[in-house]
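Values in this text are rule-based calculations from the coordinates and carry no lab data. No experiment lies behind these values; they were computed from the predicted model shown. Here the Cβ is made from the backbone with ideal geometry for all residues, glycine too, and neighbour counts use every protein chain on show.
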Amino acid sequence: MPIRSMTGFAQVKGQVNGQLSFTLSLKAVNHRFLDVHFRMPSDSDVLEMKLRRLLKEKLARGHVELILNLERGGGEIFALNQRMVAGYIQAFRAAAAQFGLAAEPDLNVILRMPGAMESGTLPADGELDTAVLAKVGEVLDQLNRMREEEGRGIERELRQRMAHLQKACEGIEQHRRAVLQTYAEKLKARMQELIGTQVEPERILQEAALLVDRSDIQEELVRLDTHVKHFVGLLNEGGEVGKKLDFLLQEMNREANTLLSKTSGLAGEALNITEMGLAIKAEIEKAREQVQNLE
């Protein structure tokens, strides 16, 4: 399955009967999980459950809004829902009598109540559900095609970001020996300082070990290279990789921070490493902005 964005829009139209048609729309944006919302006519609970199940089968992540609008023909005839209107009037008059109010119900208000007017073209039982469900596959295909197209654009950019990261890591490796030389000089100066005073040999060894431990950034470079290769491998696999890619970028950012901390306070060649390390962090941040929108 190709990599998909979580953003998209799709819309289809369908016909229920000669007088009733509908428009089915899907809007999707990024979200940590699959979050589905429905805007449908009343008394559509059964249809909503069926639609929800179908959406969960086809979509993995994203905030998705499904909108179902009914469109009635111009020749439609409406009839009064006498049972409902009579019940409303009876309840109104009972409440007025109970509280001693001289008031009569307003017919304009009653007729605006949902269900007060019955349509002569209401679909038969299950007719609307059947018509809508027949169009769900089409609207989902449209949505996923749009999401896949945007996903291809994001994938291209992410590959470029990873190429920039690898190039920066190669540049840092070229300057690494000069940084080691700088640390060696600092170590020599520090040891000379300690030798000039009465310090136990164990203290000198501790100072040396501490500086050596901070002296090399090879481990961070190796881990960055491993993460980049894993990242590109996931892009090659495709599918629902958004969360995995985001986790890898967090790990890359941690290595970049460690690399910068090890080379902080040094001059000369180390300034080039600092510059490249900051460039790496910028590339990681830009990549994360894109990955946040992948399914």
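The phi-based Karplus calculation (6.51 cos²θ - 1.76 cosθ + 1.60; θ = phi - 60°) puts the 3J(HN,Hα) values of segment 254-264 at 5, 5, 5, 5, 5, 4, 5, 5, 6, 9, 6 Hz, whole numbers, x for Gly and Pro.
For Lys281, the lysines whose Cα falls under 22 Å of its own Cα, not counting residues fewer than eight places away in the same chain, are Lys167, Lys229, Lys243, Lys244, Lys262. Starting from the Cα gyration tensor of segment 78-117, take the square roots of the eigenvalues, sort them a ≥ b ≥ c, and report rounded, prolate or oblate (rounded when a/c is under 1.5, otherwise prolate if a/b is larger than b/c, else oblate). Prolate is the answer for segment 78-117, as a/c is 1.5 or above and a/b outweighs b/c. Seen from Val64, the other residues with C-beta closer than 9 Å to its C-beta sum to a net charge of -1, counting Lys and Arg as +1 and Asp and Glu as -1. Straight-line cross-link reach from Lys135 at under 17 Å between alpha-carbon atoms covers these lysines, not counting any fewer than eight positions away in the same chain: Lys13, Lys27, Lys50, Lys56, Lys58.
Loop-resident chymotrypsin sites (Phe, Trp or Tyr not before Pro) (DSSP state other than H, G, I, E or B) in segment 1-68 with no more than 15 further Cβ atoms inside 10 Å of their Cβ: Phe33. Per-residue Karplus couplings for segment 11-28, computed as 6.51 cos²θ - 1.76 cosθ + 1.60 with θ equal to phi - 60°, are listed in order as 8, 9, 10, x, 10, 8, 8, x, 10, 10, 10, 8, 10, 10, 10, 10, 10, 9 Hz, Gly and Pro entered as x.
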